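Chemist: One structure, pasted below without further comment.
The values are calculated or read from the model by the stated rules, or taken from the named source; none is laboratory data. It should be emphasised that the depicted structure is a prediction, and the values quoted were computed from it without experimental measurement. Here the Cβ positions follow ideal geometry from the backbone for every residue, glycine too, while neighbour counts run over all protein chains shown. Ligands, DNA and RNA are excluded from the accessible area calculation, which covers all protein heavy atoms including side chains. Shrake-Rupley method; radii C 1.70, N 1.55, O 1.52, S 1.80 Å.
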Amino acid sequence: MSLPYIVGNWKMNGLRASLAEARAIDRAAARYPKVELALAPPATLISRMRDVVQTIDLGGQDCHVEESGAFTGDISAAILKDAGAEFVIVGHSERRSTYRESDETVCAKAQAALDAGLSVIVCVGETEAQRDAGDAEAVVTAQVAGSVPQGDDVAPRLTLAYEPVWAIGTGRVPSLDDVEAMHRAIRETLLKVCGDAGSNVRILYGGSVKPENAAELLGADEVGGALVGGASLTAESVIGIVEAISPAGSE
Ligand code: PGA
């Protein structure tokens, strides 16, 4: 069994002054060896953060499908790796909606990340209208099938993140039954896409995870960790989440 994986997605937040939070999160990671911690800060901070943290993984929040070229304003997986990243998040709902990223694009980005030697966190999730229409599982499993690259070497470097769009930044979370049902459906799809190796891919839950609900959500069947937005911005709340799922000194 792999350790619970808690990944902080800082989104468009983080100045040099925020490196102090990253250092505090990193020191906490050393105190909680039964949890794996990672941060995805703005790309501009990766290199500086790499210099001041030892235990946590660092990642980007998006990458281009190409390795380099005339793509003003974009960043490639190779550039992220060179800055000190170990992974990249692709297909976050904020990118799927704002930049109209299709499953095909997300899949190409995930492949670019793997080609550059990074691990990849592929995000999926339904909108509220899709859930209300009873389509949540069909939508999410289609996203998984369309966004995860094919290939024998994919599963060991793949993490899935299930983030209901309506739960992101809203304080609302699905029922545990709904989380478990969705994670099971994602697992079945991963087994189809990745074969047996799909059984070891971690499936994170994301959307309004905080210290108060982390233990319950992380205790759910097939939930291998959390992708955390707002509550990952301070060491205090990250430590609150980690403490909730793995109290210090517990064996
Ligand atoms: P949230 O964001 O924790 O602020 O809801 C999660 C995410 O978008 O990854």
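Chemist: So how much slack lies between Q150 and N13, counting 0.36 nm per residue of separation and subtracting their Cα-Cα distance, in nm?
Modeler: Between Q150 and N13, full extension yields 46.0 nm more.
Chemist: Okay, next question. Tell me which lysines have Cα within less than 21 Å of K210's Cα, excluding those fewer than 8 residues away on the same chain?
Modeler: K11, K34
Chemist: Still on this structure: Label-point separation (nm) for D135 and R27, each offset 7 Å from Cα along Cα-to-Cβ?
Modeler: In this crude label model, D135 to R27 measures out at 5.0 nm.
Chemist: Still on this structure, please answer the following. What accessible area per residue, rounded to a whole number of Å², is obtained for the stretch 212-251 using a probe radius of 1.4 Å?
Modeler: The answer is 42 Å² per residue.
Chemist: Return the whole-Å distance between the Cα centroid of the stretch 202-220 and the Cα centroid of the stretch 46-80.
Modeler: What the calculation gives is 26 Å, centre to centre.
Chemist: Using a 1.4 Å probe and counting only protein heavy atoms, arrange R50, R27 so the residue with the most accessible area comes first.
Modeler: R27, R50
Chemist: Most mobile of G151, G59, G91 per a Gaussian network model of the chain (Cα springs, under 10 Å)?
Modeler: Greatest mean-square fluctuation among the candidates belongs to G151.
Chemist: Which longest run of the chain has no exposed loop site in it, a site being chymotrypsin sites (Phe, Trp or Tyr not before Pro) in a DSSP loop with at most 12 other beta carbons within 10 Å, and the site itself not part of the run?
Modeler: The segment 100-251 is the longest one with no such site.
Chemist: Next question. According to the square roots a ≥ b ≥ c of the eigenvalues of the Cα gyration tensor, what is the shape class of the stretch 47-118, taking rounded for a/c under 1.5, prolate for a/b larger than b/c otherwise, and oblate for the remainder?
Modeler: Prolate shape, in that a/c is at least 1.5 and a/b is the bigger ratio.
Chemist: Further, regarding this structure: Considering only DSSP beta bridges where both residues belong to the chain, give the percentage that are antiparallel (nearest 5).
Modeler: Percentage antiparallel, nearest 5: 0.
Chemist: Measure off, as a whole percent, the carbon and sulfur share of the 1.4 Å-probe accessible area of the chain, all protein chains present.
Modeler: Taking all protein chains in place, the chain shows 49 percent carbon and sulfur surface.
Chemist: A follow-up question, please. What list of ³J(HN,Hα) couplings, whole Hz, do you get for the stretch 49-56 from phi and the Karplus terms 6.51, -1.76, 1.60, once you set θ to phi - 60° and write x for glycine and proline?
Modeler: Ordered by residue, 3J(HN,Hα) equals 5, 4, 6, 10, 10, 10, 9, 7 Hz.
Chemist: Largest first and in whole Å, give the semi-axes of the chain's equivalent ellipsoid, each being the square root of 5 times a Cα gyration tensor eigenvalue.
Modeler: 24, 23, 17
Chemist: Under 5 Å between amide hydrogens, which residues at least 5 positions from G206 or on another chain qualify, with H placed 1.01 Å from N in the peptide plane?
Modeler: Here Y162, E163, L227 satisfy the definition.
Chemist: Can you list residues from other chains, or at least 5 along the same chain, whose modelled amide H is less than 5 Å from the amide H of D62?
Modeler: Long-range HN contacts for D62: I89.
Chemist: Could you give the length gained on full extension between A181 and S47, defined as 0.36 nm per residue of separation minus the Cα-Cα distance, in nm?
Modeler: 44.4 nm
Chemist: What accessible area per residue comes out for the stretch 39-161, rounded to a whole number of Å², with a 1.4 Å probe?
Modeler: Here the residues of the stretch 39-161 average 45 Å² of exposed surface.
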